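A short worksheet on the structure shown next.
Only the coordinates and a few stated rules stand behind these numbers; no lab work does. Treat the numbers as computed from the prediction; the structure is a model and nothing was measured. Cβ: placed from backbone, ideal geometry, glycine included. Neighbour counts: every protein chain shown.
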């Protein structure tokens, strides 16, 4: 057991709706971590129970200690292929991504990649995520093995794709079903791991395969489902052509029972009111990936129109590596802010950091285990230095309140501002 | 005298129009720097003239050596006030910027700021820029004194503003004229410094002051002129109300003789065809400041529509600190790319790096002195490490050609990728 001291910050609920009362900020705080990697106690340092007074202390001074960041959408096999010069989504997939992902049938490659991928997450204070893998069961095995070694709460699944991609990246409806079933049995609930049913997107699945995905969902109620939706106009047109009976893109997934309260749809930029209504009704979520949408020129996501329109839909945030430009949650939130400015309804820093912690935890059904600093949750923590660079230190001196501090962080911060990343009570940030 | 060796890159002209022939890339190159801080010779290392063979060598291996970056628009007195949570341009000016800038009447504050500002530029490989100051002559003195100490080629001028701002930030038409005239005499052409006539923007100048600015321009032909134009819809509306006789925003400056071949207008996002035609005719330039436009939600600049429309206008790039989010030219080019994606006409990495070097040098009338690695120019150089972080190294391994290397740099790079910044033959990057 040990005690971390620092400036604690977490959210009891969504501060955009609940107001400032949702913000829990303890300037001089302490967190007691148990031998099982969970938080035993947290609060003001002066209130630390006597029973914990003699424990080893790690003092972070005035640095911020938050629940570890959670990323709701990214791609493990694209861990190194950021900044590929694609014209748009489909061009980028065909020219770069589908080439790179074919390598993941080889265990050696997937093992190396899993290490580098998780290193990069931890370097950026991301302790948990919902990630895509490839079609290859071995790639998922490697990712889960490595996450397990680090005791990380990772959710992922074998990608389902049986058409419109190179042969080396295709499974079949049947093998997708069989492999997924075996992998669910092997991995779901093992330690902190979760399995997610993962059809890539409607473009690369036949009706038979979407039907198989729906069967998996029905046979494994409550399992996370992840896919992509309404990212790019050419993609939407392609889907309309491929499923001529569909009302729209969302309707394709709906037909096969893939709209559930555990479903996360990446992007959702160009959704119609009808689609928002169905997603809202189903309790599904959309994951906003701003650096990716900007990089691929997919469009400007209207966050509040989505989350607070006539048919409110849950919204998460994700870096979407490798369409995204950065593993940094600060960069993701920065671009979420600038996009919100461009569409005329800006987000606050508190809303941003809420989404990156408890907000995403809720979408992943993980808020019982992570997302706040409450006793009983895992000690997945990110320690942040708002003065990590000379410029950040200059700017920090101007900050008049906590919102200012957080806002400067999300605009100016990068992995240097992450002093340490704790996973289940262990400090795991890789050195440089 | 000394010799730098490394991978040399510069542009003979605009690669978007001249094609690959404009790209000068020497994988194993050398640059001979004379005692006067100018380039004596540059080329392939194996061609190094025997006369220079015995000189001291600084070997950068396979790192890239480019002409130092040139920033065509930013604000010295906003050096530390990045990430101010403004709703839009006018709100941001009134709530944060006009407060901060009032401090610059004090020499001590301006001196400290000048050091920090130039440190930040050099940390990011920016060796030259066109910067705004404040209305206070002493602030400009401090900036020029510090730049002079570092032998930097800086262009700036006392800001002219005599209305619609707090009293502490107002001059008058007459004092603006008098102070500018005195400062031109004191600073213009001293060492590498250049004076720029600097009315802030039409919002904060009366007709009498714009007239005075026009007189300054006429009395000092060829002097740089900098101001802001067509950044934000509310600003444009305000200007229309303030100058009811004007055809449009551009027409206000035009009336007072401020559209010259040495004029640089920051932003120019919402220009009409008529305005583009006049700017084109006058040979004036627009400076694209993408991180600022995104941060303040000002709008998406259509670069190629501006530079290659029916009325082509010269386009530069600037970080626009403190509306901009980063001093890094990589970040500026990254956002220039994403904005170009969102408007459907993407820029290449070569176009981007051309604009940040020779392109901006031309707009500043400085291409005789900087912007390429040609003999005779100042040895203003940036040395870049494409493998500066673990992620960049992973990504670099995938790069198949020079464009790939540069593109990954502009998407992923930050100040860590700047190994050294040379100004007039001296290594000046501040150590953190």
| task | In vacuum, with every alpha carbon of the stretch A:191-276 counted as one equal point scatterer, what does the Debye formula give for log10 I(q)/I(0) at q = 0.14, 0.16, 0.22, 0.24 Å⁻¹? Two decimals, please. | result | -0.44, -0.58, -1.06, -1.24
| said: As I understand it, the value is the acute angle between the Cα axis of helix A:273-282 and the longest principal axis of the Cα atoms of chain A; what does it come to in degrees, rounded to 10? | reply: 70
| What average count of beta carbons from other chains do you get within 10 Å of the Cβ of residues in A:68-80? | 1
| query | So how far, in whole Å, is the C-alpha centre of the stretch A:268-303 from the one of the stretch B:1-33? | reply | 44
| Hey, what's the Cα Rg ratio for the stretch A:356-432 versus the globular rule of thumb, 2.2 N^0.38 Å? | 1.24
| remark: Cα-based Rg then Dmax for the stretch B:289-363, in Å, read 11.5, 33
| query | Once both axes come from the Cα atoms, what is the angle between helix B:173-187 and the longest principal axis of chain B, in degrees from 0 to 90, rounded to 10? | reply | 20
| remark: With -39,500 (n - 2.57) per DSSP H segment of 4 or more residues and division by the full residue count of chain B, the 222 nm estimate, nearest 500 deg cm²/dmol, is -10000 deg cm²/dmol
| query | Using a Gaussian network model of chain B with C-alpha springs under 10 Å, which one of B:41, B:245, B:92 is most mobile by mean-square fluctuation? | reply | B:245
| query | In Å, what Rg and Dmax follow from the Cα atoms of the stretch B:104-215? | reply | 13.8, 40
| Where only C-alpha atoms are counted, convex hull volume of chain A per residue in Å³ | 131
| note | Among beta bridges assigned by DSSP with both residues in chain B, the antiparallel ones amount in percent, to the nearest 5, to 40
| message | What does DSSP give for the protein assembly as shown in terms of the percent of beta bridges that are antiparallel, rounded to the nearest 5? | response | 40
| Quick one: what do you get for the protein assembly as shown if you divide its Cα Rg by 2.2 N^0.38 Å? | 0.96
| Which value results for Rg/Rh of the stretch B:1-76 when Rg is the Cα radius of gyration and Rh the Kirkwood radius based on the inverse mean 1/r? | 1.04
| Bin by bin, in steps of 5 Å, what percent of the Cα pairs in the stretch A:1-144 do you find, going until the bin that has the longest distance? | 2, 8, 13, 14, 13, 11, 10, 10, 9, 6, 2, 1, 0
| task | Provide a whole-number value for the mean count of partner chain Cβ atoms within 10 Å of the Cβ atoms in peptide B:388-398. | result | 5
| Size of the stretch B:265-330 as Cα extents on the principal axes (Å, biggest first) | 32, 19, 16
| query | When averaged across all projection directions, what area in nm² does the alpha-carbon convex hull of the stretch B:72-128 cover? | reply | 4.4
| request: Compute the convex hull volume of the Cα atoms of the stretch A:298-411, divide it by the residue count, and report the result per residue in Å³ as a whole number. | output: 138
| task | Give the nm distances, rounded to one decimal, from residue B:281 to the matching residue in every other copy, measuring between label points 7 Å along Cα toward the beta carbon; shortest first. | result | 5.9
| message | Sequence gap at least 6, Cα distance under 8 Å: using those rules, report the relative contact order of the stretch B:115-168 to the nearest whole percent. | response | 40
| note | Rg/Rh over Cα atoms for the stretch B:146-194, Kirkwood Rh, comes to 1.08
| field | Centre separation in Å (Cα based) which lies between the stretch B:70-108 and the stretch A:104-156 | value | 44
| remark: Sorted shortest first, the nm distances from the residue B:426 label point (7 Å along Cα→Cβ) to its counterparts in the other copies are 5.1
| message | On C-alpha positions alone, give me the angle between the axis of helix B:107-123 and the longest principal axis of chain B, in degrees, nearest 10. | response | 40
| query | Using alpha-carbon pairs under 8 Å, 6+ residues apart, how would you state the relative contact order of chain A in percent? | reply | 20
| note | If the label point sits 7 Å along Cα→Cβ of residue A:149, residues of the stretch A:88-117 with amide N under 19 Å come out as A:104-117
| task | Using only the alpha carbons, work out the radius of gyration and Dmax of the stretch B:226-385 in angstrom. | result | 15.8, 53
| message | Using alpha carbons only, how many angstrom separate the centre of the stretch A:166-193 from the centre of the stretch A:361-393? | response | 30
| field | Whole-percent pair-distance distribution, where bins are 10 Å wide, for the alpha carbons of the stretch A:339-385 | value | 25, 43, 23, 9, 0
| message | If I take the rotation axis that carries chain B onto chain A, which residue of chain B has the nearest beta-carbon, and at how many angstrom? | response | B:414, 3
| Over the stretch A:11-64, what relative contact order in percent results from Cα pairs under 8 Å that are six or more residues apart? | 23
| request: For residue B:310, place a label point 7 Å out from Cα along the Cα→Cβ vector, do the same in each other copy, and report the separations in nm, one decimal, smallest first. | output: 4.0
